[in-house]
Amino acid sequence: MAKIAFIGLGNMGGPMAANLVKAGHDVIVFDVADALADALVEQGASKAATAAEAVAGVEFVVSMLPSGEIVKNLYIHQDKLLDVIDPATVVIDSSTIASEDAVEVHKTAKSRGIAMIDAPVSGGVGAAKSGKLAFICGGDEAAVDKARPILEVMGKAAFRAGPAGAGQIAKICNNMLLAVHMIGTAEALNMGAAAGLDPKALTEIMAASSGRNWSLDTYNPFPGVMEGVPASNDYQGGFLVKLMNKDLGLAADAAGKLGAATPMGDLARQLYDKHGDAGFADRDFSSILKMFAD
Ligand code: NAD
């Protein structure tokens, strides 16, 4: 069993750390919100007073934080964890951040002889709780392989997208495409319903035709078509619009820097920004259907 520091115990990090504890690992937790660390202690983790204390003598460091700024402050600028982490440690940053921020942390880690991977996740809080996340990794193959046994406790799959920062790029490519097909699915279902079609029947037809996609056949945005999805629970829970907005912003920044044309991604971003501003920031992203239905 490994000794693991876990930093950032929010909606995602809390259940991810809990799964490591359940699997029998020795987990030392830290969060600036102390009560979140206490909740993990109740589940069998131990608590550190500072991030630097958490990483002392561990084999792995996992972080799950809100932004690139916070990740860089933790590892490089303020807490300077990369100055105190033992070179034998593998650092796994699972936060969704800009690829260039991830690369900056990678470079600093490398200069200290520390192996690091960016490993953002696909899957929301439910997948974090059930240990069914998909990790999308960037970094050296050897580092990804070393991290794999730990990732496999928290997830059902761990992919290597490429070198440092590639995990972040692959993740935002996926989420940009997700936004586009969710919007397309919502507007098609809404138009069919406006013409008097039963959205359930229309879903069945399109799911067996060339319009088939994940937003249609697994996460349907039309209320009542599917059980157990946010659309059938007033769009509560799920993947929040504000998080989709964050990911579409990262995608737009990356596209700008790469000179890649993403007209559909840009339009999806505009629509989701408008939708968030209309009071849906804390609803599931499939609620975009309401923009057309209302
Ligand atoms: P969250 O805001 O619930 O949790 C972040 C945690 O980090 C908070 O508990 C906060 O107190 C802590 N934190 C902030 N600064 C810190 C510091 N300097 N040191 C220690 N702890 C600090 O966010 P979340 O929903 O858990 O998301 C975390 C990351 O995962 C984000 O990058 C997000 O984009 C990504 N993500 C989220 C989801 C989701 O559905 N929530 C899905 C996929 C990816």
Cβ pairs under 7 Å, 6+ apart, first in segment 231-254 and of a type in the set (Val, Ile, Thr), second outside any loop (DSSP other than H, G, I, E, B): 241/272; 241/275; 241/276; 241/280; 241/285; 241/287
Residue satisfying all of: in segment 25-49; assigned to a loop (DSSP other than H, G, I, E, B) and near the ligand (Cβ under 9 Å from one of its atoms); surrounded by the most Cβ atoms within 10 Å (Cβ to Cβ) among these: 31
Single unsatisfied condition, residue 76 versus (1) in contact with a Leu (Cβ under 7 Å, 6 or more places away or on another chain); (2) away from the ligand (no atom under 11 Å from the Cβ); (3) outside any helix (DSSP H, G or I): (3)
Any hit, segment 234-250, residues being closer than 21 Å to residue 126 by Cα, more than 22 Å from the chain's Cα centre (by Cα) and not basic (Lys, Arg): yes
Odd one out for residue 111, checked against (1) within 21 Å of residue 240 (Cβ to Cβ); (2) out of contact with any Gly (no Cβ under 9 Å at 6 or more places or on another chain); (3) not β-branched (Val, Ile, Thr): (1)
Neighbours by Cβ (under 6 Å, 6+ apart or cross-chain): first from segment 110-132, within 11 Å of residue 15 (Cβ to Cβ) and in contact (Cβ under 8 Å) with a residue 40 or more places away in the chain; second within 12 Å of the ligand (Cβ to nearest atom) and polar (S, T, N, Q): 125/11
Count - residues of segment 50-68 that are within 10 Å of the ligand (Cβ to nearest atom) and either within 19 Å of the chain's Cα centre (by Cα) or among the β-branched types (Val, Ile, Thr) (or both): 7
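Take the residues in segment 266-286 that are within 18 Å of the chain's Cα centre (by Cα) and assigned to a helix (DSSP H, G or I); name whichever of them is surrounded by the fewest Cβ atoms within 10 Å (Cβ to Cβ). First the steps, then the outcome.
Let us first name the residues in segment 266-286 that are within 18 Å of the chain's Cα centre (by Cα), namely 269, 272, 281-286.
Adding the requirement that they be assigned to a helix (DSSP H, G or I) leaves 269, 272, 285-286.
On the way: 269: 21, 272: 25, 285: 29, 286: 23.
Selected residue: 269.
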Failed item in (1) within 11 Å of the ligand (Cβ to nearest atom); (2) touching a residue at least 40 places away in the same chain (Cβ under 8 Å); (3) within 18 Å of the chain's Cα centre (by Cα), with residue 71 passing the rest: (2)
Per-region count, segment 50-65, residues surrounded by fewer than 15 Cβ atoms within 10 Å (Cβ to Cβ) and closer than 20 Å to residue 95 by Cα: 1
Residue in segment 93-105 that is more than 16 Å from the ligand (Cβ to nearest atom), under 22 Å from residue 174 (Cα atoms) and of a type outside the set (D, E, K, R) present: yes
Listing of strands (runs of 3 or more DSSP E) fully contained in segment 109-168 that carry 2 or more residues being of a type outside the set (Phe, Trp, Tyr), crowded, with 17+ Cβ neighbours inside 10 Å and within 12 Å of the ligand (Cβ to nearest atom): 133-138
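Readers should treat all values here as calculations from the given coordinates under stated rules, not as data from a laboratory. Everything numeric in this text was worked out from a predicted model, so none of it was measured. A quick note on method: Cβ atoms are made from the backbone with ideal geometry, for glycine too, and the neighbour counts reach across all protein chains shown.
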